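Each value in this text was obtained by applying a stated rule to the coordinates, not by laboratory testing. Owing to the predicted nature of the structure, the values given are computational and were not obtained by experimental measurement.
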Amino acid sequence: MGLETTFGDSFLTTKISEAVNWARKYALYPMPFGTACCAIEYMATVGSHYDASRFGAEIVRFSPRQADLLIVAGTVSHKLAPILKNIYDQMLEPKWVIAMGACASSGGFYDNYATVQGIDSIIPVDVYIPGCPPRPEAVIGALIKVMQKIDGESVLRFGDDDEDGEPQKI
Ligand code: SF4
C-alpha cells in the first residue's frame, strides 16, 4: 500500500510544503526600495551588529529579478508609484513585501497631494512596521513575521495573474 493510498494527496503536499518553506524562509533575498530616512535605519539593520544572517536574510539584492523580499523604506510620492509597481512586478513569485515605517505604511505625516498614503494602494503588503523610523529590532521583528507567514503558505502559491487579489493555485 503506497503512501498516497494510506494518507491521500494531502500528506505528500504538506510534507513538500514544509521542506520548501523551510528553505524559503531561511534564504530570503531582500531588495531595499529606500527613498528616505528609513533606508538609513535599514542599512543599520543589515550591518554586523544586528547580524541579519542569523535569519538568512543578509544578502541584499539590488535587482528585483534576484530578490524575493521587497522592503519599502521611506516616503513614496505619486510620481514614484509606477516605478515601485514596476519593480514589484519584475520580482518572481513567491515574493513578499514589508512596508517599513510610517511613511511607507500610511504616508506618515506627509498628508499631502504629492504623497502616496500607504504603499498598499499600489502593491500588496505582507508586514507593516510602525515607527518613524523603526529601530533595527523592529525590522528584524518584521523579518520573523515574514518567516512565520512563509511557514503557513502552500508551496503551490503562484502569482495573481487574473489580478483578483488572490494568488493563483494549480
Ligand atoms: S517614517 Fe519617518 S524616518 Fe521613515 S521615511 Fe518617513 S519621515 Fe523618514
Response to the item:
Taking the range 1-152, the lysine pairs whose C-alpha atoms sit under 27 Å apart (8 or more places apart or on different chains) add up to 14
Worksheet item: What is the spread of the Cα atoms of the range 1-143 along each of their three principal axes, largest first, in whole Å?
Response: 66, 34, 25
